[in-house]
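*Asks:* Supplied in structure tokens, the structure appears directly below.
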Amino acid sequence: MVTECSLNLEFMNYTVITSQCKGPKFPVKECCSSFLEFACPYAEQLNDLSTDCASTMFSYINIYGKYPAGLFSSQCKGDKEGLECPDMPPNSVADVNTATTTTTASSRIWMTVALFVTVLLFRGRQSHMRCMLNIAPSKHLDRPGVSFCSRTTYTENAITNAVDIYRNSSGALHFMASNNDCGVRDFDMERYQLVQLFRYLWPVNHSSLSPDGKLVAVVGDDPNGLLVDSSNGQTIGTLKGHLDYSFASAWHPNGVTFATGNQDKTCRIWDTRKTSESVAVLRGNLGAIRSIRFTSDGRYIAMAEPADFVHVYDTKTGYKKEQEIDFFGEISGISFSPDTESLFIGVWDRTYGSLLEYGRTRDYSYLDSLL
């Protein structure tokens, strides 16, 4: 199992590379020399087979520099023994990892990329050549255990509040993580790589991607939510109306309507074509709305309070028809089955922990005409 890197790669000084390796031409000499200047001091850690240091480093380099995939592997080839690192004294790079970083003066680095597998090898005077591989998780579905394990962020406030799994426009499997450090991170699940990182002014409690993959609803520790562009994280609209912090969001299959759940005991319905005000306000009984789901056909929306109550609304009636499910227990989450026939409610009470299933009832009154 690949473990998390001991280096704090998120907050390194990537301007060493980005200030010299610039598009659109990406000059080979400047790009390769700046890459070596940045990477060589960390040869030992980046070459460790058991960690994700190499893939994480490339993820952040590509994010901060907005480089095309495989740029450095295609440009920086060197000779058959690899790229020679410049002579550098131990602990020569001023960075957050300085106190623990050493380097060998005559080390060499060899790097290549084949298909979707990243291979990174370092060779020093006293070291052996080793490689780091990132293998698509689909190749490990027949194996027990965890295929990959890594922290999403290295800050102290590193709580991951929500995860949204989806497929992008090319069919690749991704997930979007909402973090307490004010970040929304998009990960490629097949390559175990961070693809994008968006920063906001407050801790993000939930984010959800629109069905067409173009928009993201972002809510957190602020009364106002955001509708942002999924390609760059830029704000398209501000969602004003809630009175407290928000904890949930969800999209209707039509890609136009979406919902947000808040600590003010309401779920607000929004229209992407007019975000200045909400379309409808759905009210709970006792607590914050912490989980929201639409059925795959868009007919119903369910919202859950922290405990005891789940509310189901009929979207075709303008959210006027409601069924309230009342039971005993704290709610861990809700979900509809893909065929819309079942609603599942997770109860995480220590004594009565369970998974409740409710079946969808249908009106077959049209059959009466046959009797």
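The values are calculated or read from the model by the stated rules, or taken from the named source; none is laboratory data. Just so it is clear, the structure is predicted and the values come from calculations on it, not from any experiment. Cβ placement follows ideal geometry from the backbone for every residue including glycine, while neighbour counts extend to all protein chains displayed. The area values use the complete protein model at the heavy-atom level, side chains included, leaving out ligands, DNA and RNA. Shrake-Rupley method; radii C 1.70, N 1.55, O 1.52, S 1.80 Å.
*Asks:* Which whole-percent values make up P(r) of region 247-338 when all C-alpha to C-alpha distances are grouped in 5 Å steps starting at zero?
*Replies:* Answer for region 247-338: a P(r) of 3, 15, 27, 28, 18, 7, 2, 0 percent.
*Asks:* Would you work out which of Val256, Val218, Gln193 lies farthest towards the positive end of the dipole of region 184-318, given +1 charges on the beta-carbon of Lys and Arg and -1 on that of Asp and Glu, about the Cα centre?
*Replies:* The listed residue farthest towards the positive side: Val256.
*Asks:* I would also like to ask the following. When the gyration tensor of region 169-303 is built from Cα positions, what are the square roots of 5 times its three eigenvalues, in whole Å, from largest to smallest?
*Replies:* After scaling each eigenvalue by five and taking roots: 23, 17, 14 Å.
*Asks:* Let me ask something additional. Run through every distinct alpha carbon pair of region 1-42 and return the Kirkwood hydrodynamic radius in angstroms, one decimal place.
*Replies:* For region 1-42, inverting the mean 1/r across all distinct Cα pairs yields 11.6 Å.
*Asks:* In what sequence, highest mean first, do 36-44, 24-32, 351-359, 276-284 appear when ranked by Cβ atoms within 10 angstrom?
*Replies:* Top to bottom by mean Cβ count within 10 Å: 36-44, 276-284, 24-32, 351-359.
*Asks:* What accessible area, in Å² to the nearest ten, does a 1.4 Å probe give for Ser170?
*Replies:* Surface accessible to solvent at Ser170 totals approximately 100 Å².
*Asks:* Please report the carbon-and-sulfur percent of the accessible area for region 233-358; probe 1.4 Å, protein heavy atoms only, DNA, RNA and ligands left out. Intermediate values should be presented prior to the final figure.
*Replies:* Values: 2980 of 6290 Å².
Carbon-and-sulfur percentage of accessible area, whole number: 47.
*Asks:* Another question about this same structure. Using a 1.4 Å probe and counting only protein heavy atoms, arrange Tyr64, Tyr200 so the residue with the most accessible area comes first.
*Replies:* The ordering from most to least exposed comes out as Tyr64, Tyr200.
*Asks:* Write down, largest first, the equivalent ellipsoid semi-axes of region 213-269 in whole Å, where each equals the square root of 5 times an eigenvalue of the alpha-carbon gyration tensor.
*Replies:* 19, 13, 8
*Asks:* Taking all pairs of distinct Cα atoms, average 1/r, flip it, and tell me the Kirkwood hydrodynamic radius of region 309-368 in Å to one decimal place.
*Replies:* Its Kirkwood hydrodynamic radius stands at 13.2 Å.
*Asks:* In Å and on Cα atoms, what radius of gyration and Dmax does region 267-307 show?
*Replies:* Both quantities, over Cα of region 267-307: 11.5, 34 Å.
*Asks:* Using only Cα positions of region 158-198, each an equal point scatterer, no hydration layer, compute I(q)/I(0) via Debye at q = 0.15, 0.17, 0.23 Å⁻¹ and quote the log10 values to two decimals.
*Replies:* Log10 of I(q)/I(0), two decimals: -0.32, -0.41, -0.71.
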